[in-house]
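Below is one structure; the comments refer to it alone.
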Amino acid sequence: MANMKRFILVIAFLAICGPHPIGQAQAAPVQIAAIGDSNIAGKGVPSSDAYPAKLERALKAKGYDVVVLNNGITGDTTKSLLARLDSAAPQGTQIAIVWIGINDLRVGVPAAAVEADRQAIASRLRARGMQVLLLGPRTGLRDDPRFLLGDAQGHLNPAGYDQIVARTLSQVAALVNRAKNK
């Protein structure tokens, strides 16, 4: 009789709470590392208005389970990003968005050398199994005051970051789909 009562209590508990799969882990979100200079860091805007935060919100609004890390450093160059690449795109990163090079160009590094460094960054990330999206160094918005803060360096305002998200969202979504299917 005691066993029957226990059985009935277990059945009642399961009926109320529902079955819970034991040992099944919920899929982790796709980790995206946005790495580069002030274009990623969001110089002059709140972190919630920078490209990584806006991109994460846009992807989540489309139903993607993602986390976008903001690993941009204002003033960064391709050489310094190469030196910190392992920490900029930490273990677990599946997608890296690289936006770097404008500071190199400003100090006179030849465009071919900047592009060679950008390709070296992408190659090292791909060798670690990441998908890579290379942006800029010039966004095409630097001559439109509607998208700029008005500082001498041409940093983007929140509307400028909205434009960059709109331009890159489909590309990043495709990379997320590929990452989920790996």
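The values are calculated or read from the model by the stated rules, or taken from the named source; none is laboratory data. Everything numeric here is computed off the predicted structure, so don't read it as measured data. Glycine gets a Cβ as well: all are built from the backbone with ideal geometry, and neighbour counts include every protein chain shown.
Return the residues of segment 59-76 that are out of contact with any strand residue (DSSP E or B) (no Cβ under 7 Å at 6 or more places or on another chain) and farther than 21 Å from Met130 by Cα; say none if nothing qualifies. Within segment 59-76, Ala61, Lys62, Gly63, Thr74, Gly75 qualify.
Exactly one residue among Asn103, Asn177 is surrounded by fewer than 16 Cβ atoms within 10 Å (Cβ to Cβ) and within 22 Å of the chain's Cα centre (by Cα), and that residue is Asn177.
Scanning segment 38-60 for residues that are of a type in the set (A, V, I, L, M), over 10 Å from His155 (Cβ atoms) and not in a helix (DSSP H, G or I) gives a single hit, Ala50. Listed by first and then second residue, the pairs with beta-carbon distance under 7 Å, at least 6 apart or on different chains, first residue in segment 153-173 and touching a residue at least 12 places away in the same chain (Cβ under 8 Å) and within 19 Å of Gln131 (Cα to Cα), second small (Gly, Ala, Ser) and assigned to a helix (DSSP H, G or I), are Val165/Ala58; Leu169/Ala58. Among the residues making up segment 92-111, a single one is at pLDDT below 95 and polar (S, T, N, Q): Asn103.
So, of the residues in segment 145-174 that are in a helix (DSSP H, G or I) and aliphatic (A, V, I, L, M), which turns out to be farthest from the chain's Cα centre (by Cα)? Out of the qualifying residues, it is Ala159.
Within segment 72-80, the presence of a residue that is surrounded by fewer than 14 Cβ atoms within 10 Å (Cβ to Cβ), β-branched (Val, Ile, Thr) and over 18 Å from the mean Cα position of the chain (by Cα) is excluded.
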